[in-house]
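J.: Structure below; questions to follow.
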Amino acid sequence: MEEMLFYDRMQFAFTITFHYLFPQLTMGLSLIIVYFKWKFLKTNDPHYNKATHFWMRIFALNFAMGVVTGIPMEFQFGTNWAKFSELTGGIIGQTLAMEGMFSFFLESSFLGMFLFGEKILGHRWHFVTGLLICLGSWASGFLIIATHSWMQHPVGYEVLENGKFVLTNFSALFTNVWLWPSYLHNQMASMVTSSFVVAGIGAFYILLNKNVSYGKLFLKTGVVFGLISSIIVAMPTGDLLAKNVVKHQPVTFAAMEGIFHTEKKGAEIVLIGQPDVKDKKLDNKIAVPNVLSFLTYGNWDTEVKGLDQFPEDTHPTNISGLYYAYHIMVGLGTLFIGVMVLAAFQLTRKQLFQTKWLLWAFLFLMPFPYIANITGWYTAELGRQPWLVYDLLRTADGASPTVSSGNTLFTLMGFVGLYALLGMLFAILVGKIIYHGPEPKHS
């Protein structure tokens, strides 16, 4: 059973990690595309309209990859996690169905119109279709995270005698205290990814001395959006989400922060350290005294519970992985704020486009928001373990007992090979779009 559960989780982790490389860009990028089109309507500057078309081509590729890689996850609910689907389908099926029927179809229907219908629609209606794509994209994220939030903090439900969960209060799904901080945190993190990608490609054009006017536009836009979103990711959304974890999942918070023993007179915040789960300690740590208590409770001396206060069978099953995922996310988020503040300062001084080391930094940092987003999701999912539905349904009780570990491993290897090919094809196609630029020369 343990081997089967391991491969079930590995397969879902791999497929959803690869899948989320694409929506995390499209959600944020859709808003930037709407901004470019709006600027074109206001200024009638063709640069903005060509920027709109350039980024829409990249959006469309990401959207297509997101659809292709998202479908297998739906099937896994029925194959690898049939018991989970049977017990909770009456609740999570509603938000997932709404995401497919409303958000996905809204986004996909108007995507074709936006890509090919500008001449027929005219610029104002073309802008409206872009706005609807953005709305669909963000609504999709909202409904997915409503599902996730119910698994983290179940509300509005009743458990029947046969163990099935039924919804007793539909509105509770959308007033869940876990939902709004999670959703806004996720969407702003998506904006950070999009901002760094837009700024990074802008920096690439400036360094290459090619499409320089677009490079400057992309870099400036990326810095403005990135500065706002990277700050909001930390405060208030990240802070509110962390306080939710403290209140509703204190054992998870202790594992995230590497607190093995309760700190009664104020908890230190660990900057660097390696968790030794066997001996219940952090090795080689560098910490600042009492700061964690202040950030969590607004008081320097407040007690923070450690893992020793909770039964071991409720501890997250991968404390080291959770600890590192959380600290990588926080560390990168802090770095992003620093880079964006510095870039905004140089922009106000009209020195940004000449600061070559900062241009190289944007180019180098392009993959890192993806890492921060993925480790953020790892933090949420590893932190919820050993539960599928927190404190109600254990992960081991949601797996399909009839699907062997050999079958799951075989299909996992197939996914790895197929996604490697898809990834290479995607990189080639996006590379061609970037190479030709916003003003491709047609032969």
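The values are calculated or read from the model by the stated rules, or taken from the named source; none is laboratory data. Not measured: the values here are computed from a predicted model. Please note: Cβ atoms are built from the backbone with ideal geometry, for glycine as well, and neighbour counts cover all protein chains shown. SASA here: full protein model, heavy atoms, side chains in, ligands and nucleic acids out. Shrake-Rupley method; radii C 1.70, N 1.55, O 1.52, S 1.80 Å.
J.: Return the total of residues in the range 405-443 being under 24 Å from the mean Cα position of the chain (by Cα) and outside any helix (DSSP H, G or I).
T.: Of the residues in the range 405-443, 0 are under 24 Å from the mean Cα position of the chain (by Cα) and outside any helix (DSSP H, G or I).
J.: For the range 35-55, enumerate the residues that are closer than 28 Å to L422 by Cβ and open to solvent by 10 Å² or more (accessible area, probe 1.4 Å).
T.: Result: H53, single match.
J.: In addition: Which one of these does P401 not meet: (1) touching a residue at least 40 places away in the same chain (Cβ under 8 Å); (2) surrounded by 13 or more Cβ atoms within 10 Å (Cβ to Cβ)?
T.: Just one mismatch for P401, condition (2).
J.: Return a yes/no flag: does the range 211-220 have any residue that is in contact with a Leu (Cβ under 7 Å, 6 or more places away or on another chain), among the hydroxyl-bearing types (S, T, Y) and buried (at least 18 other Cβ atoms within 10 Å of the Cβ).
T.: no
Residues are listed down the side, and each one gets a yes or a no for (1) in contact with a strand residue (DSSP E or B) (Cβ under 6 Å, 6 or more places away or on another chain); (2) over 19 Å from A267 (Cα atoms):
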site: A287; (1), (2): yes, no
site: V304; (1), (2): yes, no
site: E312; (1), (2): no, yes
site: S320; (1), (2): yes, yes
site: M329; (1), (2): no, yes
site: L332; (1), (2): no, yes
site: V339; (1), (2): no, yes
site: L342; (1), (2): no, yes
site: Q346; (1), (2): no, yes
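J.: If I filter the range 243-265 for residues that are open to solvent by 40 Å² or more (accessible area, probe 1.4 Å) and under 24 Å from F336 (Cα atoms), do I get at least one hit?
T.: yes
J.: Filter the range 351-398 for residues that are of a type in the set (F, W, Y), in a helix (DSSP H, G or I) and touching a residue at least 40 places away in the same chain (Cβ under 8 Å) and give the result.
T.: F353, W360, F362, F368, Y370, W377, Y378
J.: Residues that are surrounded by fewer than 19 Cβ atoms within 10 Å (Cβ to Cβ), touching an Asp or Glu at 6+ places or on another chain (Cβ under 8 Å) and either assigned to a helix (DSSP H, G or I) or among the polar types (S, T, N, Q) (or both): does the range 64-75 have at least one?
T.: No, the range 64-75 contains no residue that is surrounded by fewer than 19 Cβ atoms within 10 Å (Cβ to Cβ), touching an Asp or Glu at 6+ places or on another chain (Cβ under 8 Å) and either assigned to a helix (DSSP H, G or I) or among the polar types (S, T, N, Q) (or both).
J.: Out of S171, S229, S182, I need the residue that is open to solvent by 30 Å² or more (accessible area, probe 1.4 Å) and of a type outside the set (D, E, K, R). Which one?
T.: Of the residues listed, the single one that is open to solvent by 30 Å² or more (accessible area, probe 1.4 Å) and of a type outside the set (D, E, K, R) is S171.
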